Amino acid sequence: MTDKKQNEVSESKEIPHEINSISDLSQILQTLGEPEKGHTRFFRGHGDESWKLLPSIYRETYLIENEDKIIKDALTYCPDDFLPSDTLFEKLVKLQHYGYSTRLLDLTTNALVALYFSAWNEQHYDKDGELIILDIPDEQIKYGDSDTISILSAISLQSYLFNYSQLQEKSEKNAKGSVDRKILLSIKELSNLGDLHKALLENKPEVGTLLSHYMNGMEVHYEDEFISIFNAEKEIISLLHTIRTDKPHFRPVINPSDFNRVLCVRAKLNNARISRQQGCFLIFGIKDNKTEAAVIPDEWQRLASNNQKILVKAESKADIKQELESFGISKRTLFPELEAQAKEIMDYYKGQK
């Protein structure tokens with residue numbers, strides 16, 4: 001079946017908005033059909049449907065205002081937990097793994113894993129959970145060595161006062177002034193104003209051609225000037241310094257639009273938990289300033305009919321969790337570390353004679 005026909009089929013059917021069993025999840029996915037060509041599907045599970053799709057560093061004001069200090073403290077106090085070759089993004093992944101708040105948000109390519117995370121925590125058995133489905137354009141999916149990922153990672157080590165919008169406005173004003181001065185100098189070099197005025201009155205074609213050529217190149221020249229001035233701001237120089245710790249030859253060509261992005265990152269499967277959970281991450285940039293997170297595009301999220309959330313019903317969570325165990329999805333399989341296994345193993349023998 002072609003993508004177009006599959007989408008027509010899914011649009012003609014009602015997409016359920018409640019999950020009480022694995023078969024309900026299967027029905028939802030079958031009704032949705034495959035993602036559009038050029039998109040890849042990812043999942044996330046929330047134990048409480050009221051939770052926002054936001055990385056943990058943005059869930060408390062004190063966290064985002066001290067993000068740079070939290071990371072520096074972790075790197076200072078626990079240096080043996082990080083390899084000299086680790087990039088800043090890889091360090092953020094490791095911090096996320098150990099429970100630190102970061103600007104990363106976990107996703108999985110496995111719908112059953114996401115369903116587990118919406119149902120596993122008994123503290124939330126009185127609340128409906130949510131299964132989130134994201135169809136992300138392939139051009140917004142990067143690997144850890146991407147330059148844009150380096151930029152978004154480096155934001156984490158900047159002060160909470162970092163505000164690229166103010167820097168952009170200042171740089172635009174300075175770039176315009178610089179270009180205007182160069183325009184006047186260029187005109188003076190071409191001819192004195194009297195001769196230019198006379199040539200224009202006589203409608204000489206070579207003058208029109210010259211001015212047209214100049215005006216067409218002006219926009220390109222302005223963009224180059226703006227990027228150069230923007231990257232010379234002290235706050236951007238500090239960010240570039242952070243990036244060059246991992247990439248010494250990174251060029252100073254950061255565009256302000258690079259900051260206001262949310263990207264999906266395929267991390268290295270170099271720890272057992274990421275591998276077992278078939279995990280990857282969203283990394284969040286910022287809006288105008290660092291204390292506001294960039295926003296996930298609305299068009300990425302697939303909802304049930306009538307734009308309803310896909311809810312994992314509270315009264316069915318325990319049954320869903322038990323059903324998932326028969327599919328090999330449990331805390332024991334998803335969290336293979338020794339410390340995570342302790343309670344699971346001991347509880348297995350609880351009450352046995």
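The values are calculated or read from the model by the stated rules, or taken from the named source; none is laboratory data. Fair warning: this is a prediction, and the values are worked out from it, not measured in the lab. Here the Cβ positions follow ideal geometry from the backbone for every residue, glycine too, while neighbour counts run over all protein chains shown. In case anyone asks, the SASA skips ligands and DNA or RNA and just uses the protein heavy atoms, side chains included. Shrake-Rupley method; radii C 1.70, N 1.55, O 1.52, S 1.80 Å.
Can you confirm whether segment 102-121 contains a residue that is surrounded by fewer than 22 Cβ atoms within 10 Å (Cβ to Cβ), within 30 Å of GLU235 (Cα to Cα) and of a type in the set (S, T, N, Q)?
Within segment 102-121 (the criterion being surrounded by fewer than 22 Cβ atoms within 10 Å (Cβ to Cβ), within 30 Å of GLU235 (Cα to Cα) and of a type in the set (S, T, N, Q)), the answer is no, since none of the residues qualifies.
Please tell me if ILE320 is in contact (Cβ under 8 Å) with a residue 40 or more places away in the chain and not in a helix (DSSP H, G or I).
It is false that ILE320 is in contact (Cβ under 8 Å) with a residue 40 or more places away in the chain and not in a helix (DSSP H, G or I).
Being surrounded by fewer than 21 Cβ atoms within 10 Å (Cβ to Cβ) and touching a strand residue (DSSP E or B) at 6+ places or on another chain (Cβ under 8 Å): is that true of ASP145 here?
no
Scan segment 22-47 for residues that are touching a strand residue (DSSP E or B) at 6+ places or on another chain (Cβ under 6 Å) and of a type in the set (Lys, Arg) and report the count.
2
Yes or no, residue by residue, for (1) at pLDDT 95 or above; (2) surrounded by 12 or more Cβ atoms within 10 Å (Cβ to Cβ):
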{"site": "GLU8", "(1), (2)": "no, yes"}
{"site": "GLU14", "(1), (2)": "no, no"}
{"site": "PHE43", "(1), (2)": "yes, yes"}
{"site": "SER56", "(1), (2)": "yes, yes"}
{"site": "GLN96", "(1), (2)": "no, yes"}
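Examine segment 79-97 for a residue that is in a loop (DSSP other than H, G, I, E, B) and at positive phi, and state whether such a residue exists.
The answer is no, given that none of the residues of segment 79-97 is in a loop (DSSP other than H, G, I, E, B) and at positive phi.
Can you name the number of the only condition in (1) within 22 Å of GLN30 (Cα to Cα); (2) assigned to a helix (DSSP H, G or I) that PHE327 fails?
Among (1) within 22 Å of GLN30 (Cα to Cα); (2) assigned to a helix (DSSP H, G or I), PHE327 violates only (2).
Can you tell me which residues in segment 238-270 are of a type in the set (S, T, N, Q) and either within 28 Å of ARG41 (Cα to Cα) or free of Cβ contacts under 8 Å to residues at least 24 places away in the same chain (or both)?
Those that are of a type in the set (S, T, N, Q) and either within 28 Å of ARG41 (Cα to Cα) or free of Cβ contacts under 8 Å to residues at least 24 places away in the same chain (or both): SER257, ASN260, ASN270.
From GLU169, GLU219, which residue is modelled with pLDDT of 70 or more and open to solvent by 100 Å² or more (accessible area, probe 1.4 Å)?
Among GLU169, GLU219, only GLU169 is modelled with pLDDT of 70 or more and open to solvent by 100 Å² or more (accessible area, probe 1.4 Å).
So that you can scan it fast, the table gives a plain yes or no per residue for (1) hydrophobic (A, V, I, L, M, F, W, C); (2) farther than 21 Å from VAL295 by Cβ:
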{"residue": "ASN121", "(1), (2)": "no, yes"}
{"residue": "ILE132", "(1), (2)": "yes, no"}
{"residue": "GLN140", "(1), (2)": "no, no"}
{"residue": "TYR143", "(1), (2)": "no, yes"}
{"residue": "ASP147", "(1), (2)": "no, yes"}
{"residue": "LEU157", "(1), (2)": "yes, yes"}
{"residue": "TYR160", "(1), (2)": "no, no"}
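What are the pairs with Cβ atoms under 9 angstrom where one residue, in segment 224-237, is among the aliphatic types (A, V, I, L, M) and the other, located anywhere, is outside any loop (DSSP other than H, G, I, E, B) and open to solvent by 10 Å² or more (accessible area, probe 1.4 Å)? Sequence gap at least six, or different chains.
Note: pairs meeting the criteria are ILE229/LYS170; ILE229/GLU172; ILE229/ASN174; ILE229/SER178; ILE236/TYR164; ILE236/LEU167.
So, in segment 270-323, of the ones that are buried (at least 19 other Cβ atoms within 10 Å of the Cβ), at pLDDT below 95 and of a type in the set (Gly, Ala, Ser), which residue ends up nearest to ASN20 (Cα to Cα)?
ALA304
Could you list, in sequence order, all residues of segment 243-266 that are open to solvent by 40 Å² or more (accessible area, probe 1.4 Å) and under 17 Å from the mean Cα position of the chain (by Cα)?
ASN255, SER257, ASN260, ARG261, ARG266 - these are the residues of segment 243-266 that are open to solvent by 40 Å² or more (accessible area, probe 1.4 Å) and under 17 Å from the mean Cα position of the chain (by Cα).
Quick one: which of SER101, SER85 is more than 30 Å from LEU324 (Cβ to Cβ) and out of contact with any Phe, Trp or Tyr (no Cβ under 8 Å at 6 or more places or on another chain)?
It is SER85.
Against the condition in a helix (DSSP H, G or I) and surrounded by 14 or more Cβ atoms within 10 Å (Cβ to Cβ), how does ILE70 come out, does it pass?
yes
List the residue pairs whose Cβ atoms are under 7 Å apart, where the first residue sits in segment 283-308 and is assigned to a helix (DSSP H, G or I), the second is modelled with pLDDT under 95 and not small (Gly, Ala, Ser), and the two are 6 or more positions apart or on different chains.
Going by the 7 Å Cβ cut-off, the qualifying pairs are SER305/GLU14; SER305/ILE15; SER305/HIS17.
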